[in-house]
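The values are calculated or read from the model by the stated rules, or taken from the named source; none is laboratory data. As the structure is a prediction and not an experimental result, all values here were calculated from the model. For neighbour counting, all protein chains shown are included, and Cβ atoms are generated from backbone atoms with ideal geometry for every residue, glycine included. Heads up: the accessible areas ignore ligands, DNA and RNA and are worked out on the full protein's heavy atoms, side chains in. Shrake-Rupley method; radii C 1.70, N 1.55, O 1.52, S 1.80 Å.
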Amino acid sequence: MITTHTMNVPGWADLSTPDPAAAREFYAALLGWHVETTDTPMGEYHIGKLGDLDVAGMMAPPPGEESIPPAWTMFVIVPDVAESLAAAALAGGTVLQAATPIPAGQVGVLADPSGAMFGVMSYDEPLPELPWLSHRPGAVCWFDLLSRDPAAAVPFYEAVFGWEAETHHGLPFTTFSLHGDAFAGMLPMPDEVPPDVPSHWSVYFAVEDCDAAEARAIDLGATVVRPTFADQDGPGRIAVLADPTGATFDLLESHD
């Protein structure tokens with residue numbers, strides 16, 4: 001289990017959606033969250049929670065960016081956002097948003113050399129030791145990178161964050177870890193994915209029963225991208241869905 005205070009690993013997931021009210025209702029009903037809303041200089045921010053655990057955030061896109069498709073974004077917790085962005089640029093990444101103040105610290109947005117967008121985040125105060133990437137139902141439990149250039153992506157994440165990459169023998173799958181804790185994987189973009197879909201990070205939410213959760217999501221207005229399937233060489237049974245506004249996400253029923 002990773003903790004949110006661990007540096008240079010994913011520590012937050014954020015949904016940009018044109019309809020935050022609908023999103024909070026959807027994910028609360030599907031994943032068992034209760035949602036707290038706070039006012040920020042950028043607008044209302046909705047935090048999905050499981051008990052005392054902050055799971056993920058949701059908000060509307062900033063003015064002028066309403067045309068950007070709804071999507072989940074992975075954030076890596078770093079000691080210094082500006083330094084991480086500079087290191088990313090030197091390693092072949094593209095800075096999309098410079099270090100920007102938020103109520104708790106700073107954020108920045110960038111893309112890796114294969115075009116996958118993600119964020120970096122730092123905090124002004126020490127973070128509490130809250131569970132992250134746990135298999136508690138409703139929590140974020142994994143991230144996957146679907147990359148159109150895995151050979152460029154691996155050295156980028158190694159250089160910028162010190163991630164340890166292990167490509168599994170006989171499989172086109174790479175696991176990213178740090179200090180022995182695995183938290184993400186990478187796959188080459190599948191051939192069936194339309195060519196206009198860029199490299200991207202996917203967020204996984206843990207569920208007890210993937211079939212039941214998929215059916216529940218459909219009832220709540222989700223669209224099935226890939227029905228529940230058993231990933232024999234991976235962590236468990238997976239479904240890929242799009243929420244009612246079109247943001248894709250994954251459900252994972254773990255073998256563990």
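When the chain is described by a simple charge dipole with +1 on each Lys and Arg Cβ and -1 on each Asp and Glu Cβ, the residue from T94, P155, P41 located farthest towards its positive end is T94. Peptides 40-50, 70-80 ranked from most to least packed, by the mean per-residue count of other Cβ atoms within 10 Å: 70-80, 40-50.
Per residue, the chain exposes 46 Å² of solvent-accessible protein surface, assessed with a 1.4 angstrom probe and all protein chains in place.
In this structure the amide hydrogen of V78, modeled in the peptide plane, comes within under 5 Å of the amide hydrogens of N8, M121, S122, none closer than 5 places in sequence on its chain. Each peptide in 102-115, 182-195 gets a packing score, the mean of other Cβ atoms within 10 Å over its residues, and the list from highest to lowest is 102-115, 182-195.
Within the stretch 162-256, what whole-number % of the accessible surface is contributed by carbon and sulfur, with the 1.4 Å probe and all protein chains included in the calculation?
Numbers: 2470 of 4850 Å².
Using a 1.4 Å probe with all protein chains present, the stretch 162-256 comes out at 51 percent carbon and sulfur.
State to the nearest 20 debye the size of the charge dipole of the stretch 50-154 about its Cα centre, where the only charges are +1 on K and R beta carbons and -1 on D and E beta carbons.
Values: 2 positive and 12 negative charges, 59 e Å.
Roughly 280 debye for the stretch 50-154.
Given a Förster distance of 30 angstrom, what is the FRET efficiency for D52 paired with D181, based on the Cβ-Cβ distance and rounded to 0.05? Spell out each step's value before the answer.
Details: r = 22 Å, r/R0 = 0.73.
My answer for the efficiency is 0.85.
Evaluating 6.51 cos²θ - 1.76 cosθ + 1.60 at θ = phi - 60° for every residue in the stretch 151-164, the Karplus couplings come out as 5, 8, 5, 4, x, 5, 5, 5, 6, 7, 10, x, 5, 9 Hz, glycine and proline recorded as x. G115: net charge of surrounding residues, Cβ under 10 Å, Lys/Arg +1, Asp/Glu -1, itself excluded? Result for the local shell: -1. Applying the Karplus relation 6.51 cos²θ - 1.76 cosθ + 1.60 with θ = phi - 60° to the stretch 183-190 yields 3J(HN,Hα) values of 9, 7, x, 9, 10, x, 4, x Hz, where x marks Gly and Pro.
Highest mean first, how do 89-99, 240-250 rank when packing is the count of other Cβ atoms within 10 Å averaged over residues? Intermediate values should be presented prior to the final figure.
Details: 89-99: 15.5, 240-250: 19.5.
Output ranking for 89-99, 240-250: 240-250, 89-99.
Dipole size of the stretch 178-242 about its Cα centre, with +1 on Lys/Arg Cβ and -1 on Asp/Glu Cβ: approximately 120 debye, rounded to the nearest 20. Just the number, please: carbon plus sulfur as a percent of the accessible area of the stretch 1-110, 1.4 Å probe, no ligands or DNA/RNA counted. Of the solvent-accessible surface of the stretch 1-110, carbon and sulfur hold 57 percent. Summing Cβ point charges (Lys, Arg +1; Asp, Glu -1) relative to the Cα centre of the chain gives a dipole of roughly 160 debye. Database remark: amide H of G185 closer than 5 angstrom to the amide H of F143, D144, L145, F176 (H placed geometrically; neighbours at sequence offset of 5 or more, or on other chains; Pro and chain starts carry no H).
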